[in-house]
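Student: Provided herewith is a single structure, encoded as structure tokens, for subsequent inquiry.
Bear in mind these aren't lab numbers, they're just calculated from the coordinates by the rules spelled out. This structure is a prediction, so every number in the text was calculated from the model and none was measured. As a convention, Cβ positions derive from the backbone with ideal geometry for all residues, glycine included, and neighbour counts pool all protein chains shown.
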Amino acid sequence: MRILCSLTEISFNPLNHNQIKEREDKWVWIGLDRSWLVTLRVAATVPWSLQWEHTGLSKRLMGQISAIASSGVEIELFSHGEEADYGAFSNRRVRATVFEGEDPNLPLLNSLSFSLAFSEVAKGLECDLLHCFNTTALFLDEEEYLLQMLNPTSAFVKEMLQGEYPEEGMYANKMRSYEVMSSMERREGARAELVIVSSELAKRNLVRLYGIPESKIRVIPTGVSPSEVDQSYEKKEEGLKVVLYPNRVSVMKGFRYMAEAMLEIRKSFPSAVMIVLGRIDKFDYGVVSPHLKVLRDAGCVSIGGFVDRARLREYYKMADVVVVPSLCDDLSLSLLEAVAMSTPVVATENTGFPEVDEVGVKVRPKDGGEIADAVISLLSDRRIYREKREGAKAVIGRYLWPSIGKRYLEAYREVQPSSSR
């Protein structure tokens, strides 16, 4: 065991990693093992190469795994990424072939390559539980596992993308790839001891499209750090109106309908500007570029491109309204970040966020006119605008990582094997 102590006090709770980091200058470690305090040993595996300081997915995983570790779980992550110690957890690299190129199916191929390599690593693991993400359980033999699905179910994505792409060539191939992914997700979900998703929307789709019993699905939302919450500042009431689109410029994220909405918004607010913070999807460029051109010709868009997650907070604070017009999503992190900054949102019912009406206006997917009406209503009525800002203050407490981490611990205890692997 290890005991954390100073000249004046002793702590028997070394599980709060943030507190330890903040006070490390005051503490001295005595060389004892703290395994007696660890509840579970978990091996988590993701089929991606993660740039921890940049991408939204990386931020989400960092927050989730750190929160789980702070709940008393000894967790080790296996990924494409380099070996590293992140304090709350460590990352172990799984060496797998990585295929490069422009083919839109390469991400899936790389995920399968990783998952096959991890299946060999898993045979020698000593842990109480395997926590597998997208595809990483496909090649496991007899190992029991908990499955977490971070993306919208592929069968639902295919439903929502019908009619959004041309019906031939590479676009037809992309739609067929969702059929392949659907069959893999169905297989992984059927074999899992428990399936974790981020929203009730995802849960309903697993039941409806894959036949997975409700009894084995747990909904645990994504979250934000308490340090990201800033809701006490005042929004400007006069001047330029800023509509923020903080997502990838793609078909799935509903950019076409955002562009249509912005042209209508300008009729009521001629000086309004739309700020786009996100990369332009290479595969979707031919489909979204005409809408970008129309916005540029109208002089109502600023393309900021990819912005580091830390800098995004400045934009959420500056924005009057944040729009998340996704055709399908897995509890949008962008939406949560807007709520953390008490900036009213306009979001589709397919973002996976159940409290949209408390913090903004909920709209149907694929409806630019409805998006425009919602934005105009928020910008036109200061009473409603203030109500939505206050609503964000009431809602955000349900989405903070410290409490969410405990819910993962509860899920782990449901499926923990009787003995370690």
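Student: Rounded, prolate or oblate for the range 165-238? Axes are the square roots of the Cα gyration tensor eigenvalues, ordered a ≥ b ≥ c, and the cut-off for rounded is a/c under 1.5.
Tutor: In terms of gyration-tensor shape, oblate.
Student: For the chain, return all DSSP H helices satisfying: extent of Cα atoms along own axis at least 24 Å; mean Kyte-Doolittle hydropathy at least 0.5.
Tutor: On the way: long enough: 169-191 (34 Å, -1.14).
The qualifying helices: there are none.
Student: A further question on this structure: Quick one: Kirkwood hydrodynamic radius for the range 226-399, alpha-carbon pairs, angstrom, one decimal?
Tutor: On the way: mean 1/r = 0.0635 Å⁻¹.
Evaluated on the range 226-399, it is 15.7 Å.
Student: Can you tell which of 198, 403, 70 shows the greatest fluctuation in a Gaussian network model of the chain with Cα springs below 10 Å?
Tutor: It is 403.
Student: Distance between the C-alpha centers of the range 280-308 and the range 344-377? Whole Å please.
Tutor: Here the two parts' Cα centres lie 21 Å apart.
Student: Let me ask another. Report the Cα centroid-to-centroid distance between the range 184-199 and the range 85-155 in angstrom, as an integer.
Tutor: Cα centroid to Cα centroid, the span is 14 Å.
Student: Relative contact order, percent, of the range 226-399 when contacts are C-alpha pairs under 8 Å separated by at least 6 residues? Present the calculation step by step, with values, prior to reporting the outcome.
Tutor: Values: 329 pairs, mean separation 43.9, N = 174.
Rounded, it is 25 percent for the range 226-399.
Student: Taking a ≥ b ≥ c as the square roots of the Cα gyration tensor eigenvalues, with a/c under 1.5 meaning rounded and otherwise prolate when a/b beats b/c, else oblate, which class fits the chain? Spell out each step's value before the answer.
Tutor: Details: a/c = 2.03, a/b = 1.33, b/c = 1.53.
Cα axes put the chain in the oblate bin.
Student: For a quick protection proxy, order the peptides 289-298, 258-267, 124-133 by their average other-Cβ count within 10 Å, most packed first. All intermediate terms of the calculation are to be shown ahead of the outcome.
Tutor: Details: 289-298: 14.0, 258-267: 21.6, 124-133: 19.8.
Packing order, densest peptide first, comes out as 258-267, 124-133, 289-298.
Student: For the chain, what does the relative contact order come out to in percent, with C-alpha contacts under 8 Å and a separation of six or more?
Tutor: Working: 790 pairs, mean separation 64.7, N = 421.
Dividing the mean separation by the residue count of the chain yields 15 percent.
Student: With each run of n ≥ 4 DSSP H residues scored as -39500 (n - 2.57), what mean residue ellipticity at 222 nm is computed for the chain after dividing by its residue count and rounding to the nearest 500 deg cm²/dmol? Intermediate results must be reported in sequence, preceding the final value.
Tutor: Values: 14 runs with 172 residues, N = 421.
The helix-only estimate for the chain comes to -13000 deg cm²/dmol at 222 nm.
Student: Considering Cα pairs under 8 angstrom that are at least six residues apart, work out the relative contact order of the range 135-266 and quote it in whole percent. Walk me through the intermediate numbers first.
Tutor: Working: 101 pairs, mean separation 33.7, N = 132.
It comes to 26 percent, rounded to a whole number.
Student: State to the nearest 20 debye the size of the charge dipole of the chain about its Cα centre, where the only charges are +1 on K and R beta carbons and -1 on D and E beta carbons.
Tutor: Working: 53 positive and 59 negative charges, 119 e Å.
Value, rounded to 20: 580 debye.
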